[in-house]
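Novice: Would you mind keeping the following structure in view while I ask a few things?
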Amino acid sequence: MATPHIAAEPGDFAPRVLMPGDPRRALRIATDFLADARQVTDVRGILGFTGTYRGEPMSVMASGMGAPSISIYATELFRFYGVERIIRVGTAGALQASLALGDVIVASAAHTDATTATVRVPGVSLSLAPSPRLLVDAITVAGDAAQVGPVLSSDYFYLDRPEVIDRLAALGTLAVEMEAAGLYAVAAAERREALTVLTVSDHIRTGEAMDAVTRETRYEHMVDIAARALLARPVVGATGSA
Ligand SMILES: O=P(O)(O)O[C@H]1O[C@H](CO)[C@@H](O)[C@H]1O
Ligand SMILES: O=c1cc[nH]c(=O)[nH]1
């Protein structure tokens, strides 16, 4: 069995998946966090691994960048590989002075300029949000170690729109990234669970930024929160997740 974008067999993925954008971060997370990790797919260089975390099966798979890319992988994992729960573990640019490089954000909602909010129900802009129970689990696990709030999932990495950023920041938006909204829309459509946890890699206000290697490697705190939230409740099936 293979899908157009994943070359794995049935049972190759665990019901719980960590999903960074970067395939190299996926490899590092599998190596650092999972026991007995084995590679299960590498189509287009989008690496996926399955092993165990604290004795429970868990997978790590990259999403690539942007809503179209994560929508493909999340849909195929939910629809064809029995995945029940995905937590994106990504990087983001901070919009608020309260955030510093390396801080962790739990994305309780995702504003977006992508069509993913408006294409599914004509005339309606969907509220794109994580699974409430997964959100509560992550907040409980993180305690004071993460800020919780809305993010902007943008289709644009390079687009100078200070007025948009200012307005979103004034509305309490914590940071900008590119995939949370796409993931939340797919999870709603497939009736599965999803959440996004982010590490601040740069600051839109101050111009501070991690270099590429630090961005790839500084994920321990974020992944620890995400992996423990994934495990917080048993997985009992698509419509009856505990
Ligand atoms: O570090 P990742 O998870 O890829 O996330 C962020 O980094 C990429 C842009 O550099 C986008 O994918 C954005 O969402
Ligand atoms: O999408 C992203 C990710 C990190 N920083 C940004 O400014 N945008």
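Novice: Check each of the trypsin sites (Lys or Arg not before Pro) in the range 35-105 and keep only those in coil by DSSP with at most 12 other C-beta atoms within 10 angstrom; list them in order. Display every interim value, and only then the final one.
Specialist: Values: sites: ARG38, ARG44, ARG54, ARG79, ARG85, ARG88; in loops: ARG54.
In loop regions of the range 35-105 (DSSP not H, G, I, E or B), the sparsely surrounded trypsin sites (Lys or Arg not before Pro) are ARG54.
Novice: May I ask for the longest run of the chain untouched by chymotrypsin sites (Phe, Trp or Tyr not before Pro) that are loop-located per DSSP and have at most 16 neighbouring C-beta atoms (other than their own) within 10 Å?
Specialist: Numbers: sites that count: TYR156, PHE157, TYR158.
Result, exposed sites excluded: 1-155.
Novice: Could you list log10 I(q)/I(0) for the range 34-180 at q = 0.11 Å⁻¹, which the Debye formula gives when each Cα is one point scatterer?
Specialist: The Cα Debye sum returns log10 ratios of -0.49.
Novice: Scan around ASP103 for amide H atoms under 5 Å from its own, H built in the peptide plane at 1.01 Å from N, and keep only partners 5 or more places away or cross-chain.
Specialist: Counting only residues 5 or more places away or on other chains, the set is VAL200.
Novice: Can you tally the net charge around PHE13? Count Lys and Arg as +1, Asp and Glu as -1, for every other residue whose Cβ sits under 15 Å from the Cβ of PHE13.
Specialist: On the way: positive: ARG16, ARG38, ARG79, ARG85, ARG192; negative: GLU9, ASP12, ASP36, ASP42, GLU56, GLU76, GLU84, GLU190, GLU193.
Here the charged neighbours net out to -4.
Novice: To continue, here is another question. Pairs of alpha-carbon atoms within less than 8 angstrom and 6+ residues apart define the contacts here; what relative contact order does the chain have, in percent?
Specialist: In percent, rounded to a whole number, it is 25.
Novice: For n ≥ 4 DSSP H runs only, could you compute -39500 (n - 2.57) per run for the chain, divide by its residues and tell me the 222 nm figure to the nearest 500?
Specialist: On the way: 7 runs with 74 residues, N = 242.
Here the helix-only value at 222 nm equals -9000 deg cm²/dmol.
Novice: Let me ask something else. Please report the spacing between the Cα centers of the range 20-59 and the range 208-223 in Å, no decimals.
Specialist: Answer, in whole Å: 17.
Novice: Treat every Asp and Glu Cβ in the range 16-231 as -1 and every Lys and Arg Cβ as +1, leave all other atoms uncharged, and give the resulting dipole magnitude about the Cα centre to the nearest 20 debye.
Specialist: Details: 20 positive and 25 negative charges, 113 e Å.
In total the dipole reaches around 540 debye.
Novice: Further question on the same structure: Under a Cβ-Cβ cut-off of 15 Å, what is the net charge of the residues other than LEU134 that fall near it, where Lys and Arg count +1 and Asp and Glu count -1?
Specialist: Taking every other residue near LEU134 into account, the sum is +4.
We did not get these values from a lab; they are worked out from the coordinates using the rules stated. None of these values were measured; they are calculated from a predicted model. Here the Cβ is made from the backbone with ideal geometry for all residues, glycine too, and neighbour counts use every protein chain on show.
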